[in-house]
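In what follows, a single structure is set out as C-alpha cells and then discussed.
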C-alpha cells in the first residue's frame, strides 16, 4: 500500500482576479458546496488584487480554506502582507492560508527580476512575515527587507499556515526550511516532481521548523469530454505563461527552439493567440498542464500519485471549455475526482 492510499487527498481550486468582485461571493460558495478543500486567488499584476476578493470570500463562506497564491514582498511589503492576512483571518477564523513566492512580471515595471534577487527576497519575505507573526520586538536585517525594534504587531496574531509556491529546486529548498506546505504549479514530469520534493524535504530536515510538511501539485488544467476543444483552450491559456516556464522545460529535457518561445511571446503580447498556438507542442502541454477527458486526465494523475508522495492537487484556469467556471469545476468534481485513486 502506498503512502497516498493511506491518506485522503485534498483538492484546491485557484481563481484568477479577472471576475467582477461580487461574482467571487457565489463562486466561492459554489466551490465550497462542491466539497473542495481550498480556494486560492491569484495576485497577478493588472487584475483585481487578491486581498479584497479574499475578504469577500471570508465573509460568505463557512468551512473552506482561502488564501492568496501568491504574494511577494516587492509588490506588498511583508508588514502589509502580515496585517492583511490577519485581517482576513479575523473573518475566516482558522481557514486562512498565506501563499508566498518570488512573484512575476517584474519586467513589466522595469524591476530587477533576476533569479538570485527574487529568490533572496522570497526567503527574507517569509522570514520577516514569520518574525511579525511571532510578535518579535527586535531588529530584522536583510538585503531587501529590514525592520527595527519598533516594528511589531499591534493587533492579535494567529497561526497562519505559510505556503511557498514554486517550480524551482532552490526555491523548494527554501520553502522546506520555513513553510508548512509547498505548492508546485505547472509541473507534471514525475522525475522533476521527485527532485522538487527531495529539495523541499532537505530544507525541512535542516531547519526542523515544520513537523508535518505538505506537498501539493497542480496548476493549469482543462478537463472536457471534447478533447479537440480542450487542447485548443489549454494552449490558449498556456501561451501567456509559456515564456516564463522555459526553465521547467529545460529541467524536464523538453526539446524546443528558443526562437519559437520568442515568437510566442511577441504574438501573445500582440493578442495574436491563434498564430502563437502553432508553436506550442504536445510535449510542452503534457509537461506543464493536465488536460483532456476526465479518463485521460485521471490516468496521468494516478500515474503521478503512484510515484510521488502528494497531499493535495490544485486545479487552475481554464478548468474546462465552458464559459462558466461553475460548470467547469462541476465537471472536475463529478467526472474527474471519482477516477483519482
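Bear in mind these aren't lab numbers, they're just calculated from the coordinates by the rules spelled out. Fair warning: this is a prediction, and the values are worked out from it, not measured in the lab. With ideal geometry, Cβ positions are generated from the backbone for all residues, glycine too; neighbour counts draw on all protein chains shown.
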- What is the log10 of I(q)/I(0) for region 206-253, computed with the Debye formula using one identical point scatterer on each Cα and no solvent, at q = 0.25 Å⁻¹? -0.98
- Item | Cα-Cα pairs of region 250-300 separated by more than 16 Å (percent) | 51 percent
- Normalised contact order of the chain, rounded percent, pairs of Cα under 8 Å and 6 or more residues apart: 17 percent
- Message: Would you work out the Kirkwood radius for region 269-341? I mean one over the mean of 1/r across all pairs of different Cα atoms, in Å.
- Response: 14.0 Å
- Query: Share of antiparallel DSSP beta bridges in the chain, in percent to the nearest 5?
  - Reply: 5 percent
- Note on the structure: Rounded to two decimals, the Debye log10 I(q)/I(0) of region 159-227 (Cα scatterers, no solvent) at q = 0.13, 0.15 Å⁻¹ is -0.36, -0.46
- Query: With r defined as the distance between the Cβ atoms of residue 144 and residue 232 and R0 fixed at 35 Å, what FRET efficiency is calculated, to the nearest 0.05?
  - Reply: 0.25
- Task: Compute the distance in nm between two label points, each set 7 Å from the Cα along the Cα-to-Cβ direction, one at residue 265 and one at residue 293.
- Result: 3.8 nm
- residue 195 and residue 94 label points (each 7 Å along its Cα→Cβ direction) are spaced in nm at 4.1 nm
- Query: Using Cα atoms only, what is the angle between the long axis of helix 50-60 and the major principal axis of the chain, expressed in degrees (0 to 90) to the nearest 10?
  - Reply: 90 degrees
- Message: Give me the base-10 log of I(q)/I(0) for region 1-86 at each q in 0.12, 0.22 Å⁻¹, Debye formula, one uniform scatterer per Cα, rounded to two decimals.
- Response: -0.40, -1.03
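Report the convex hull volume per residue for region 1-157, counting only C-alpha atoms, in Å³.
On the way: hull volume 22.3 nm³, N = 157.
Dividing the Cα hull volume of region 1-157 by its residue count gives 142 Å³.
With N residues in region 116-209, what two-decimal value do you get for its Cα radius of gyration over 2.2 N^0.38 Å? Can you show the working numbers first?
Details: Rg = 14.7 Å, N = 94, 2.2 N^0.38 = 12.4 Å.
Compactness ratio reported: 1.19.
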- Tell me the label-point distance for the pair residue 116, residue 273, using the 7 Å Cα-to-Cβ offset, in nm and rounded to one decimal. 3.9 nm
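For region 24-68, report the convex hull volume of the alpha-carbon atoms normalised per residue, in Å³, without decimals. The partial results should precede the final answer.
Values: hull volume 2.6 nm³, N = 45.
Convex hull volume per residue, Cα atoms: 58 Å³.
For the chain, take the alpha-carbon Rg, divide it by the Kirkwood Rh, and send me Rg/Rh.
A ratio of 0.95.
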- Query: In a GNM of the chain with a 10 Å cut-off on Cα contacts, which of 278, 214, 127 has the highest mean-square fluctuation?
  - Reply: 278
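Rounded to the nearest 500 deg cm²/dmol, what is the calculated helix-only ellipticity per residue at 222 nm for the chain, with -39500 (n - 2.57) per DSSP H run of length n ≥ 4?
Values: 13 runs with 150 residues, N = 341.
Computed mean residue ellipticity for the chain: -13500 deg cm²/dmol.
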- Message: Over region 1-126, what is the relative contact order in percent, taking alpha-carbon pairs closer than 8 angstrom and at least six residues apart?
- Response: 21 percent
- Query: Can you give the three extents of the C-alpha atoms in region 189-280 along their principal axes, from longest to shortest, in whole Å?
  - Reply: 49, 33, 21
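Test of understanding: what is the full-extension gain from residue 206 to residue 60, defined as 0.36 nm times their sequence separation minus their Cα-Cα distance? Walk me through the numbers on the way to the answer.
Details: separation 146, 0.36 × 146 = 52.56 nm, distance 4.00 nm.
Roughly 48.6 nm would be gained on extension.
Just the ratio, please: alpha-carbon radius of gyration of region 170-328 over 2.2 N^0.38 Å, N its number of residues.
Numbers: Rg = 16.6 Å, N = 159, 2.2 N^0.38 = 15.1 Å.
Scaled against compact globular proteins, the figure is 1.10.
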